[in-house]
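First up is the structure itself, then whatever we jot down about it.
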Amino acid sequence: MQSAVQSACFRQLPGCAQTCTRWYATSNRRSVLRQDVSRLPVHRFPVAKPNDTRVYVWGLAATGALGMQTSLKKQAQIFTDFVQHPSRLSFAEGRHTVADVAAGYGFTVYVVEKSDGPEVWGTGINTDGQLGVQKAPGPHKKPLELTIYPAPIDLSSAKTEQRNRVVQVSAGRAHVLALTEDGSVLAWGNNAYGQCGRKIVTEEDYFRNPVVNTIRLEEPVQAIECGQDHSLMLTKAGRVYSCGWSDDGQAGQGRYGLIDTPGPAEGDMKGERVVKVSSSCDTILAINDKGDLFGWGNSEYGQLGDVAQDNPQINIPRYLPFAKECGKIVDIAAAGSYCLALNEHGDVFSWGYGILGFGPEVQHRPTPTRIPPALFGRNEFSPNAKVISIACGITHSAAINDQHDLYMWGHNRYACLGLGHKNDQFFPLKVALNARVHKVTCGVDHTITLCKAFV
């Protein structure tokens, strides 16, 4: 028997009888489903917790530095050269909780929390033993010069009095520093310039016989920083120690050449309490607890201002008076040919030569110049937004604001800016990330972020 709705419809549009009947039957089934929905099983999905960590990666994939694939065959099928958008790293989910991360030149190292203590893992280029001994599966077990997925780095050869509990890592061109809980520093990888803080051995085979050196200073270390081929260690007393390649004065010890014994970098910083030091190539910046800026190393592009007017290679730390216009500086980042500074009000300043964040027409600034705060999210809807940390690689830069949004700009080698393309970006642009960014580390051509989930 037809319903009243069907009868009325058939009288008006007889040709639609078949269509209307199908509609009625479908509608009737939907009604039954709505009535019986309480009987359906409930699927529960995991809910993000405030302490859940995530790692997003992008940029050059061919080196394995992104650590996204467990199979070379899969990597060849999925990746040609690079990853354009931030991609969530499966390694950092579930069993592996990442506590710290550092991007080197074509490789990445992680501090991974384990039930019996932290471990250091790594992925990417391993030609100089920067990832320790990594062997291929199978009967031959040949050592690997490149890995495509994070693997643990054996630090058992380090001479320490107690178990190495690593809390921080830093990566250079081909060497790694790791800070332990007791304030010691572990160093491994290429030591051709003394950057691992031990005697240089001619024709040493870093790849097949990696050595983990333990560096102990007069006082405990609280932070570490790898330059290109040099190392910097900041003690809890606020002093900077260094070693490695110093042809441009990078070590800051008053001399040039190779320095394989860690020593203090003093100069104008003597007696000051340094709170941070930064270097990604051969220029070094440091700030004290009063927010004053110091610098040494290469100043061929005006990174160190007038103090390097007569000599562009400064081998002792010098006070940089041109930074007084920035106010109290709380964070710094030294790239290959330019520098960044962040003041206590959340304003970012840049100077030197390169893509500085002011658009395509501005390639050089002799003194620190403020990048418009609106480019980092400060507007009428968020009038108090401010940047809380900055970072850079050799030619690209990053900033995190107090909403934990990430902004990037600079040369976009292999899509290392994570903006979905390979075009250079001449002013800061927000990166699309489905997480709260807490740390960003920039390699030469890839970028890694340590994030917390939205809750």
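The values are calculated or read from the model by the stated rules, or taken from the named source; none is laboratory data. Since the model is a prediction, treat every value here as computed from it, not as a measurement. For neighbour counting, all protein chains shown are included, and Cβ atoms are generated from backbone atoms with ideal geometry for every residue, glycine included.
Part of a helix (DSSP H, G or I), at pLDDT below 95 and over 22 Å from residue 185 (Cβ atoms) - does that describe any residue in region 311-322?
The answer is no, given that none of the residues of region 311-322 is part of a helix (DSSP H, G or I), at pLDDT below 95 and over 22 Å from residue 185 (Cβ atoms).
Any residue at all in region 390-401 that is in contact (Cβ under 8 Å) with a residue 24 or more places away in the chain and surrounded by fewer than 18 Cβ atoms within 10 Å (Cβ to Cβ)?
The answer is no, given that none of the residues of region 390-401 is in contact (Cβ under 8 Å) with a residue 24 or more places away in the chain and surrounded by fewer than 18 Cβ atoms within 10 Å (Cβ to Cβ).
I'd like the residue in region 177-199 that is outside any strand (DSSP E or B) and at positive phi and, out of all such residues, is surrounded by the most Cβ atoms within 10 Å (Cβ to Cβ). Give the steps one after another, and end with the answer.
First, the residues of region 177-199 that are outside any strand (DSSP E or B): 181-184, 190-199.
Pick out the ones that are also at positive phi and you get 183, 194, 197.
On the way: 183: 16, 194: 23, 197: 26.
Among residues in region 177-199 that are outside any strand (DSSP E or B) and at positive phi, the one surrounded by the most Cβ atoms within 10 Å (Cβ to Cβ) is 197.
Given (1) surrounded by fewer than 18 Cβ atoms within 10 Å (Cβ to Cβ); (2) modelled with pLDDT of 95 or more, where does residue 325 come up short, assuming only one miss?
(2)
Can you name the strands (runs of 3 or more DSSP E) wholly within region 17-122 that have at least 1 residues being at pLDDT 50 or above, closer than 28 Å to residue 165 by Cβ and acidic (Asp, Glu)?
97-103, 107-113
Keeping to region 165-198, report how many residues are under 20 Å from residue 124 (Cα atoms) and charged (D, E, K, R).
Selection size over region 165-198: 1.
Taking the residues in region 369-384 that are among the hydrophobic types (A, V, I, L, M, F, W, C) and more than 22 Å from the chain's Cα centre (by Cα) as candidates, determine which candidate is surrounded by the most Cβ atoms within 10 Å (Cβ to Cβ).
Going through the qualifying residues, I end up with 374.
Restricting attention to region 130-153, which residues are touching an Asp or Glu at 6+ places or on another chain (Cβ under 8 Å) and more than 16 Å from residue 65 (Cα to Cα)?
The one that is touching an Asp or Glu at 6+ places or on another chain (Cβ under 8 Å) and more than 16 Å from residue 65 (Cα to Cα): 133.
Suppose the filter is farther than 22 Å from residue 287 by Cβ, at pLDDT 95 or above, surrounded by fewer than 19 Cβ atoms within 10 Å (Cβ to Cβ) and not β-branched (Val, Ile, Thr); does residue 366 pass it? If you could, list the steps in order and put the result at the bottom.
Details: farther than 22 Å from residue 287 by Cβ: no; at pLDDT 95 or above: yes; surrounded by fewer than 19 Cβ atoms within 10 Å (Cβ to Cβ): yes; not β-branched (Val, Ile, Thr): yes.
No, not satisfied.
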